[in-house]
Each structure stands twice: as structure tokens, then as C-alpha cells.
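Asks: This is the structure I have questions about; it appears just below.
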Amino acid sequence: GGKTGLYERGLESAIQIMQATTTAAREMGEGKTPEEQLRVYVKTFVQRVVAPGDTSWIHQLMRHEISDPTPALDLVIDRVIRPRMEYLSGIVARLLRCRPEDPRAGLCAMSVHAQCMALMNSQIAERVDARLRMTPKRLEDVAEHIVRFSLAGIQASATSP
């Protein structure tokens, strides 16, 4: 199918891999408290996004889609981003003791996810401060920091109007 067909095949493969990350976080968090579900989500996401491996091409593809969107971006949103954010918003809503539709749940979920996404550019952070090099131990520490920081923010949001 030419360039377009090749791009669509690559995108479909990327979607399946990204869906597997969300599925893994859901399955590993099943039956756990909302705090533990958040911890599992963050650790799963961070390990899969930052760890070196054969899926780093997905980040390049997604950066391209975001900076120069094609109609395929709607597929990524519908099949990956929206379900992922709905799951994360549900966890946050339970932490806030509110309905998932509450704007605070969506804003907090977006904040949690943005911290995870920032790690996709960890090479930049390493250039700024070599201590930020993402070793396996450092990934664990950073994931735990994101969880603690997010839980504090979520708790503060619980008391805001």
C-alpha cells in the first residue's frame, strides 16, 4: 500500500503496544486500593516508556503525530489515550471520593500523566543534570516520587472547590 499503508501498519502496531501498557496496569492493579492502583499505573507506564528497548520508535511516531497530525491521531485518541485517561481518572476519582466526571479528577489525572510523559525526553534531563540518568534504580525512585507528589496534589485537590 505504499508509504501510507506502511505508516498505517506501523501505527496499528504502536496502538497495540500502547494498549498493552494500559491493560498491564489495569490487570496488575486489580483488587488493590486506589493508592496502589496509582502506584502500579505510574510504575508500569514509566518502565515501559523510559526503559530502553525495541519500542522507542513509538515515541518518535507519537511526537510526529502530535506535531503534524494526520487522521490517524483520532485512532490513537479513541483507542489508547481516552481509555487510558478514563482508567486513570477513575483511580483519581476514588482517591478524591468523587465521581469520575468531576473536573478535579480529570485535571489530577492529566497532571499525573503529564509527569510520566515528561520522562519520554529523559535524554534532555540527563544533559541538564547527569544525576538524572535513568538507570533501573533511578526509574523506581522517579516513579515513586511521581506517586508521592501526585497523591499530595490529589489530596490538596480534594479540599478545593
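The values are calculated or read from the model by the stated rules, or taken from the named source; none is laboratory data. Just so we're clear, the structure is a prediction, and the values are computed from it rather than from any experiment. With ideal geometry, Cβ positions are generated from the backbone for all residues, glycine too; neighbour counts draw on all protein chains shown. Side chains included, ligands, DNA and RNA excluded: accessible areas come from the protein's heavy atoms. Shrake-Rupley method; radii C 1.70, N 1.55, O 1.52, S 1.80 Å.
Asks: Please verify whether GLU36 is touching a Gly at 6+ places or on another chain (Cβ under 9 Å), charged (D, E, K, R) and either open to solvent by 20 Å² or more (accessible area, probe 1.4 Å) or in a helix (DSSP H, G or I) (or both), treating the condition exactly as stated.
Replies: Spelling it out, GLU36 is indeed touching a Gly at 6+ places or on another chain (Cβ under 9 Å), charged (D, E, K, R) and either open to solvent by 20 Å² or more (accessible area, probe 1.4 Å) or in a helix (DSSP H, G or I) (or both).
Asks: Evaluate the stretch 81-90: report whether one residue or more is of a type in the set (S, T, N, Q), more than 25 Å from ILE15 (Cα to Cα), touching a Cys at 6+ places or on another chain (Cβ under 9 Å) and open to solvent by less than 40 Å² (accessible area, probe 1.4 Å). Quick ask: steps written out before the conclusion?
Replies: Taking the stretch 81-90 first, the residues of a type in the set (S, T, N, Q) are 89.
Now restrict to residues that are more than 25 Å from ILE15 (Cα to Cα): none.
Looking for residues that are of a type in the set (S, T, N, Q), more than 25 Å from ILE15 (Cα to Cα), touching a Cys at 6+ places or on another chain (Cβ under 9 Å) and open to solvent by less than 40 Å² (accessible area, probe 1.4 Å), one finds none in the stretch 81-90, hence no.
Asks: Go through the stretch 2-16 and count every residue that is open to solvent by 50 Å² or more (accessible area, probe 1.4 Å) and of a type in the set (Val, Ile, Thr).
Replies: 1
Asks: Scan the stretch 50-82 for residues that are part of a loop (DSSP other than H, G, I, E, B) and not aliphatic (A, V, I, L, M) and jot them down.
Replies: PRO52, GLY53, ASP54, THR55, ASP68, PRO69, THR70, PRO71
Asks: Also: Would it be correct to say that ALA109 is surrounded by fewer than 16 Cβ atoms within 10 Å (Cβ to Cβ), of a type in the set (Gly, Ala, Ser) and in a helix (DSSP H, G or I)?
Replies: no
Asks: Follow-up. Please list, ordered by first then second residue, the pairs with beta carbon atoms under 8 Å, 6 or more apart or interchain, first in the stretch 105-121 and over 12 Å from SER157 (Cα atoms), second exposed (fewer than 15 other Cβ atoms within 10 Å of the Cβ).
Replies: From the stretch 105-121, the pairs are GLN115/PHE149.
Asks: State which residue is modelled with the highest pLDDT when the search covers only the stretch 123-141 and only residues that are part of a helix (DSSP H, G or I) and more than 19 Å from the chain's Cα centre (by Cα).
Replies: Ranking the candidates gives LYS137 first.
Asks: For the stretch 17-33: of the residues being in a helix (DSSP H, G or I) and small (Gly, Ala, Ser), which is surrounded by the fewest Cβ atoms within 10 Å (Cβ to Cβ)?
Replies: If we take residues in the stretch 17-33 being in a helix (DSSP H, G or I) and small (Gly, Ala, Ser), then ALA20 is surrounded by the fewest Cβ atoms within 10 Å (Cβ to Cβ).
Asks: So which of THR55, THR33 is hydroxyl-bearing (Ser, Thr, Tyr) and touching a residue at least 12 places away in the same chain (Cβ under 8 Å)?
Replies: Within the list THR55, THR33, the selection yields THR55.
Asks: Right, next: Counting only residues that are farther than 13 Å from TYR7 by Cα and loosely packed, with under 13 Cβ neighbours inside 10 Å, how many does the stretch 57-68 have?
Replies: 4
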